[in-house]
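Enquirer: To start, I am sharing the structure in question, which I have written as structure tokens.
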Amino acid sequence: MNKKSVEKKENNELEIIVEVSPEEFETAMGKAFIKNKNRISVPGFRKGKASRKIIERMYGASIFHPDALELLMPEVVEYVINETEHRLVGSPQVSDVDIKEDSGGAEITITAAVYPDVKLGEYKGLSAVKPLIEIPESSVDAEIAGIRMRNARVEKAERPAIVGDIAVIDFEGFVDGVPFDGGKGTNYELELGSKAFIPGFEDKVTGMSIGEERDIDLVFPEEYTPELAGKPVIFKVKLNDLKEKLLPELDDEFAKDVSEFDTLEEYKADIKERLRISRQGEVDAAFENALMDKVIETMEADVPEVMIEEQMEIAASNFARQVSAYGMDPSSYLKIMNMTPEMFRENIRVSSEKQVKISLALEKIAELEGFEISDDDIENEYNEAAERFNVGLEELKKSVDKEKVIQEIKTRRAAGIVTETAVAENPPETTEIEPEAPPPKPKRQAAKKAEGNTVSGSDEVEKPKKTAAKKPAAKKPKGDEPV
């Protein structure tokens, strides 16, 4: 093979014409013949017995051209990647093929995106607002309240149901007098006040006594599935059992039961410190993000479309994985959110383009700063990653290329240069940063909202090391759950 020409086009595209010699093309044609000979019918010959010359005489040599080119393409692309002096991004694409009937060779035109030239403005000594970190006592109290609730004892309640109780109910829903799929449950454990069912349902269960039956008239919300949205519904409900949660006393014994601390004050201080660390991470991330916005504002780079597309694919994949964790497929989620796939892609395009620009800027900073990465740096990075992801060191080294590790270290150091030399401005007034929340948890059922982990923008305080002794909640009997 030989490069006939290399031409730089607009938008950082490179056009390369590769000459395939007659010998190379003939080898590919021979392989194409072997691949297809058993599938080609020639009068007078059993399949697979006609020679290549006979087949070409009857059908023309072009019958083998598509497969010959398909066999050649990996070699051509590899040749382009190895021989070009430019740094390519994405996968090179074939844009034209010219088979030379007279000489027996071919010219294949390849287009490929080129890594852009990057010119930076100032990236040191920048300034951005960095909010102050304050952890109010109310935040600590909220964490404590959640831990108390998780360690509550559950006992039978001999009184009318109140908010916070666990109501064990049979229910069946009817729309226009007809039961609907997923609208029935038997011995279903419903925590009153959890908002697990459609609005109004739990309010009308509140006040029921064990053995009581009620008809609950409601209307499905407009945002529910099309077949049920906005329709009146009657739920026939029977309260089979009622359980109440008894919270543990908030004292030193509670702290001993749920943590390694001997006093409640020590435990609260530990929670406050962990909340501060989590908050510090949010503030640092917001500060770095604001600084990088300023870096890319003055950056000059003609970003190839393929780089943005690749980042969009990563973002779409992350979105799909996140939504799937909530028990819903991405397409259904988009329908609930009244969003078309085109609208979704437009939404993620902006953030994807920004992410690509930040990556380009950090790589350029690393180049300008001339970071030297030692073998010890690389080994430490592998060790930390193996511990963080709980995988074997050798297994990690096989799956993660050394060059990627080096690039990760350089990128982190580049970001450090930006933040460490920056000036942190105080906000006009103390404000709380609202962390970016993941997509709202979709409803996957008609009568009952989706179950699973609560969607929260902040990290949870790590679980206590000890658990208070408590009575196990009664096991939920199996029964149909609403859809």
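We did not get these values from a lab; they are worked out from the coordinates using the rules stated. Source: prediction; values computed, not measured. Neighbour counts are summed over all protein chains in view; Cβ atoms, including those assigned to glycine, are modelled from backbone coordinates with ideal geometry.
Enquirer: Given +1 on the Cβ of Lys and Arg, -1 on the Cβ of Asp and Glu, and no further charges, what dipole in debye does the range 254-425 carry about its Cα centre, rounded to the nearest 20?
Expert: That gives the range 254-425 a dipole magnitude of about 700 debye.
Enquirer: From the residues L239, F201, M307, which one has its Cα farthest along the dipole of the chain in the positive direction, the dipole being from +1 and -1 charges on Cβ of Lys/Arg and Asp/Glu about the Cα centre?
Expert: The residue sitting farthest along the positive end of the dipole is L239.
Enquirer: R0 = 60 Å: FRET efficiency of R87 with D257, Cβ-based, nearest 0.05?
Expert: The formula returns an efficiency of 0.50 here.
Enquirer: In the chain, with Lys and Arg counted as +1 and Asp and Glu as -1 at Cβ, which of these residues, T340, I133, L14, has the Cα nearest the positive end of the dipole, that is, farthest along it?
Expert: Selected residue: T340.
Enquirer: Sequence gap of 8 or more, or different chains, plus Cα separation below 28 Å: how many lysine pairs satisfy both in the range 254-425?
Expert: 23
Enquirer: While we're on this one: Return the sequence-ordered ³J(HN,Hα) values of the range 373-387 in whole Hz as given by the Karplus equation 6.51 cos²θ - 1.76 cosθ + 1.60 applied to θ = phi - 60°, using x for Gly and Pro.
Expert: Once rounded to whole Hz, the list reads 9, 7, 4, 5, 4, 5, 5, 5, 5, 4, 4, 5, 5, 4, 6.
Enquirer: What's the magnitude of the charge dipole for the chain around its Cα centre, counting Lys and Arg as +1 and Asp and Glu as -1 at the beta-carbon? Answer in Debye, nearest 20.
Expert: Result for the chain is approximately 2480 debye, rounded to the nearest 20.
Enquirer: May I pose another question? Roughly speaking, what % of Cα-Cα pairs in the chain are separated by over 45 Å, rounded to a whole number?
Expert: Across the chain, Cα pairs with separations above 45 Å total 42 percent.
Enquirer: In whole Hz and in residue order, list the ³J(HN,Hα) couplings for the range 271-281 that follow from phi through the Karplus curve 6.51 cos²θ - 1.76 cosθ + 1.60, θ = phi - 60°; x for Gly and Pro.
Expert: 4, 4, 5, 5, 5, 5, 5, 4, 5, 4, x
Enquirer: From the square roots a ≥ b ≥ c of the eigenvalues of the alpha-carbon gyration tensor of the range 343-409, which class results: rounded (a/c under 1.5), prolate (a/b over b/c), or oblate?
Expert: Here the range 343-409 falls in the oblate category.
Enquirer: While we're on this one: Hey, what number do you get for the chain at 222 nm if only DSSP H runs of n ≥ 4 count, each worth -39500 (n - 2.57), divided across all residues, to the nearest 500?
Expert: -13500 deg cm²/dmol
Enquirer: On full extension of the chain, what length is gained from E26 through A316, given 0.36 nm per residue of separation minus the C-alpha to C-alpha distance?
Expert: Residue separation times 0.36 nm, minus the Cα-Cα distance, leaves 100.1 nm.
Enquirer: Once you charge only the Cβ atoms, +1 for Lys and Arg and -1 for Asp and Glu, what is the size of the charge dipole of the range 144-278 about its Cα centre, to the nearest 20 debye?
Expert: 160
Enquirer: OK, next. Measure out, as a whole number of angstrom, how far apart the alpha-carbon centroids of the range 130-163 and the range 1-58 sit.
Expert: About 72 Å separates the Cα centre of the range 130-163 from the one of the range 1-58.
Enquirer: Still on this structure, please answer the following. Scan around N240 for amide H atoms under 5 Å from its own, H built in the peptide plane at 1.01 Å from N, and keep only partners 5 or more places away or cross-chain.
Expert: Those lying under 5 Å, H to H, from N240 are V168, I169, D170, G211.
Enquirer: Find how much the distance from E297 to E369 grows on full extension, using 0.36 nm per residue of separation minus their present alpha carbon separation; answer in nm with one decimal.
Expert: 23.9 nm
Enquirer: Take each of the peptides 120-127, 72-79, average the number of other beta-carbon atoms within 10 Å over its residues, and list them starting from the highest.
Expert: The packing order, highest mean first, is 72-79, 120-127.
Enquirer: What residue among G281, V178, P428 has its Cα farthest toward the positive end of the dipole of the chain, where the charges are +1 on Lys, Arg and -1 on Asp, Glu, each on the Cβ?
Expert: Positive-most Cα among the choices belongs to V178.
Enquirer: Same structure again: If you take the Cα Rg of the range 143-254 and divide it by 2.2 N^0.38 Å, with N the number of residues, what do you get?
Expert: Taking N as the residue count of the range 143-254, the ratio is 1.23.
Enquirer: Arrange the peptides 104-115, 18-29, 41-52 so that the one whose residues have, on average, the most other Cβ atoms within 10 Å appears first.
Expert: Top of the packing list down: 104-115, 18-29, 41-52.
Enquirer: Then there's this: For the range 172-211 and the range 306-371, compute the distance between their C-alpha centroids and round to whole Å.
Expert: 39
Enquirer: Mind giving me the FRET efficiency for V283 and I378? R0 is 22 Å, r the Cβ-Cβ distance, nearest 0.05 is fine.
Expert: With R0 = 22 Å, the Cβ-Cβ based efficiency is 0.15.
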